[in-house]
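Structure first, then comments.
The values are calculated or read from the model by the stated rules, or taken from the named source; none is laboratory data. What you see is a predicted model, and the numbers here were worked out from it, not measured in a lab. Ideal geometry is used to build each Cβ from the backbone, glycine not excepted, and the neighbour counts take in all protein chains shown. Please note that ligands, DNA and RNA were not included when accessible areas were found on the heavy atoms of the full protein model with its side chains. Shrake-Rupley method; radii C 1.70, N 1.55, O 1.52, S 1.80 Å.
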Amino acid sequence: MERQIEAPISKEQVKELRAGDYVYITGTIYTARDAAHKRMYEAMQKGEEIPLDLKDNIIYYLGPTPAREGQVIGSAGPTTSSRMDKYAPLLMQRGLSGMIGKGKRSPEVLSAIRENTCVYLAAVGGAGALLSKCIQEAEVIAYEDLGTEAIRRLRVENLPAIVIADCEGGNLYETAVADYLNAHNNE
Amino acid sequence: MRTIYANEIIDTLKEMCIEANLQLSADMVDRIHGAAETEDSELGAKILSQLCDNMEIAKREQIPICQDTGMAIVFVRLGQDVHVEGNLTEAINEGVRQGYTEGYLRKSVVKDPLLRENTKDNTPAIIHYDIVPGDRLELLIAPKGFGSENMSKLYMLKPADGVEGVKDAVIRTVKEAGPNACPPMVVGVGLGGDFEKSAILAKTALTRNTNEHSALPHIAALEEELLDELNQLGIGPGGLGGRTTVLAVNIETYPTHIAGLPVAVNICCHVNRHVKRVL
């Protein structure tokens with residue numbers, strides 16, 4: 001079903017989401033990809049503070065292109081999530097509620113999604129120009145030296161995404177292809 | 001002997017980097033539009049129509065089609081009667097540097113694979129040189145994103161594995177790539193040569209116009225067969241089910257050793273970018 005969701009996202013709202021839902025996200029989300037994850041993970045392991053409060057927040061796995069004059073952000077589509085699999089469970093334990101990326105997740109991430117009441121969403125890969133139009137504000141808040149991999153706070157409006165993995169163990173990547181083939185082989 | 005100046009190469013490559021990231025070739029645009037019309041999964045059709053909108057916005061507003069503006073892969077065919085005034089490799093890298101900086105493209109290259117410090121200008125490019133007869137310089141740039149590059153594979157098959165082994169290798173690779181490689185994909189296959197030759201052939205195959213089949217009849221038939229079989233996997237746009245898993249299969253071949261059958265499968269997403277210019 002289609003849903004509007006607000007970010008940050010409460011655990012109550014996370015519980016309502018089901019694999020296959022088509023959602024439009026409005027509110028504040030954060031970007032982080034490989035290098036920022038590594039740095040946050042290492043800081044947390046050393047017991048140090050990280051530059052954002054993870055509680056109820058959504059991280060978008062994104063490294064945008066630079067904005068031209070007059071643009072909020074450049075091209076802004078999702079990167080492959082599996083590279084963040086090593087780091088994601090710890091972030092979820094620390095309060096992270098949602099992740100936006102593309103592609104399959106590890107069994108460890110999927111079980112952390114269930115255990116910590118989180119949601120994994122996919123945005124359309126390779127549609128960075130289209131998705132950039134949903135971003136109203138973008139500001140680097142940490143790790144500026146990482147360039148495109150810095151952590152950015154984004155204000156988004158109706159950012160479209162699809163629920164891939166829900167907190168009840170639903171996983172659209174495991175069912176969608178079989179469902180399609182079943183439906184079309186029976187025609 | 002014809003002289004080509006380094007500055008001309010720099011300016012040309014700079015423009016090529018920017019053009020490649022803002023607009024796909026006509027054959028790729030047609031294939032994506034065609035798939036949007038024939039996709040029979042509702043969600044799949046919606047995703048394909050978003051990809052069509054995305055290409056429009058990219059062109060109109062000069063926003064790169066994809067945020068992964070790639071590593072710059074440059075194929076050079078240098079006529080042996082050309083004299084380059086200046087340093088050719090440096091000119092290519094300078095063109096890439098200027099293109100990625102002035103074109104608002106992402107700098108996605110790290111200096112060392114383990115230390116991972118960004119070079120901040122997307123250099124160096126990966127350059128493949130070929131010396132050919134004549135007095136012209138052909139430059140082809142293919143900015144390659146790594147979501148799909150990471151899902152590419154190389155198999156050293158046995159001659160006895162034959163065409164079935166080749167098909168299995170390609171199908172297995174596409175299945176494993178699944179949603180990670182941003183389907184619908186373009187599949188470049190390098191068949192023959194040795195370990196590294198097959199990989200270069202696979203990348204070259206991605207740069208070929210998708211409307212042109214191999215000139216070898218048995219390879220052209222294999223391209224057709226694989227395209228058909230891959231699109232029966234049901235992976236679909238975004239990996240969420242559908243008939244459009246692969247937009248094209250291009251195969252390039254080279255003679256090989258009596259003991260070998262190398263098969264490289266280079267996966268590209270639907271943002272299969274390449275621009276060619278001849279100086």
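Spatially close Lys pairs in segment B:47-196, defined by Cα atoms under 15 Å apart and a spacing of eight or more places or different chains, total 7.
Checking every one of the GluC sites (Glu not before Pro) in segment A:43-129 against DSSP loop status and a limit of 11 other Cβ atoms within 10 Å picks out A:E48, A:E49, A:E69. Electrostatic tally near B:G162: other residues with Cβ closer than 15 Å to its Cβ, Lys and Arg +1, Asp and Glu -1, net -2. Taking the helices alone, the protein assembly as shown has a mean residue ellipticity at 222 nm of -11000 deg cm²/dmol, built from -39,500 (n - 2.57) per DSSP H run of at least 4 residues and averaged over all its residues.
Ignoring aspartates and glutamates fewer than eight residues from A:K15 along the same chain, the ones with Cα atoms less than 18 angstrom from its Cα are A:E2, A:E6, A:D56, A:E115, A:D166, A:E168. Each pair of Cα atoms in chain B enters the Kirkwood radius, and Stokes-Einstein at 20 °C and 1.002 mPa s then converts it into a translational diffusion coefficient of 110 µm²/s.
Calculated on the Cα set of segment A:47-187, radius of gyration then Dmax: 16.3, 58 Å. Think of it this way: in the protein assembly as shown, A:C118, A:C134, A:C167, B:C17, B:C52, B:C66, B:C268 stand alone, with no other Cys Cβ under 4.7 Å. Basic side chains Lys and Arg get +1 at the Cβ, acidic Asp and Glu get -1 at the Cβ, and with that the dipole of segment A:2-185 about its Cα centre reaches some 260 debye. Taking amide H as placed 1.01 Å from N in the peptide plane, the amide H of B:H128 sits under 5 Å from that of B:V74, B:F75, B:V76, each at least 5 places away or on another chain.
Qualifying trypsin sites (Lys or Arg not before Pro) in segment B:57-111, where qualification requires a DSSP coil assignment and no more than 16 other C-beta atoms within 10 Å, comprise B:K111. Quote the Stokes-Einstein diffusion coefficient, in whole µm² s⁻¹, for segment A:112-171, based on the Kirkwood radius over alpha carbon pairs, a temperature of 25 °C and a viscosity of 0.890 mPa s. It comes out at roughly 181 µm²/s.
Accessible surface buried at the A:B interface totals approximately 3300 Å², computed with a 1.4 Å probe on protein heavy atoms. Distances between every pair of Cα atoms in the protein assembly as shown, grouped in 20 Å steps from 0 to the bin holding the largest one, split as 25, 56, 19, 1 percent. In the context of the full protein assembly, A:L130 retains an accessible surface of approximately 40 Å², using a probe radius of 1.4 Å and ignoring ligands and nucleic acids.
In segment B:1-150 the Cα-Cα distances spread across 10 Å bins starting at 0 as 11, 34, 30, 19, 6, 1 percent of all pairs.
The mean count of C-beta atoms from other chains within 10 Å of the C-beta of residues in A:65-73, rounded to a whole number, is 4. Here, segment B:147-273 yields an orientationally averaged convex hull projection of 6.7 nm² when only Cα atoms define the hull.
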